[in-house]
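What follows is a short report on a single structure.
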Amino acid sequence: MSRMTPPPEGDPQSVSALYLSRLDHESLYSDAELLRAIAETVERVGGRRELAGRYADTLREEAAAGGLRRGARDRWARRMARELARDPAGAEHRLAHRAAGGPGTEPPRGTS
């Protein structure tokens, strides 16, 4: 039985949430921090149904303003979502692995 592979860009909702998150795309974060930021962003924008619209609106606004931040942040959000999607066991496995191994067990992710 073959496992379906995620699209190369990762979960589109994760990309949107990470792009809209309050995380600095030039810093490093653990998977747990990235997952927490995704959940907090989804809650802050009013749920998953609102996420895509807010993401599209933000991209349009930033493009109209010159889009200086957009390229690097978009590449970062796509890369982080893709890396989060690579673990076939999913987020629960990553969170459990980090808790069992303690700080530093999981390499931080980030930086554009």
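A short reminder: the numbers here are calculations on the coordinates, not readings from a lab. Note that the coordinates shown come from a computational prediction; the quantities given were computed from them, not determined experimentally. Note that each Cβ is placed from the backbone with ideal geometry, even for glycine, and that neighbours are counted across all protein chains shown.
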statement: For residue 29, other-chain or 5+-apart residues with amide H closer than 5 Å (H placed, Pro excluded) are 109, 110
query: Want the number for residue 75 to residue 39: 0.36 nm per residue separation, take away the alpha-carbon distance, what's left?
result: 11.0 nm
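Listed highest first by mean packing, meaning other Cβ atoms within 10 Å per residue, what order do 72-84, 36-48, 19-31, 54-66 come in? Mind showing how you got there, number by number?
On the way: 72-84: 19.3, 36-48: 15.8, 19-31: 17.5, 54-66: 12.9.
My ranking of the peptides, most packed first, is 72-84, 19-31, 36-48, 54-66.
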query: Which value in nm describes the separation of the simple spin-label points at residue 28 and residue 52, placed 7 Å from the Cα toward the beta carbon?
result: 3.6 nm
field: Per-residue HN-Hα couplings for region 42-51 [Karplus 6.51, -1.76, 1.60; θ = phi - 60°; Hz; x = Gly/Pro]
entry: 4, 5, 5, 7, x, x, 5, 5, 8, 4
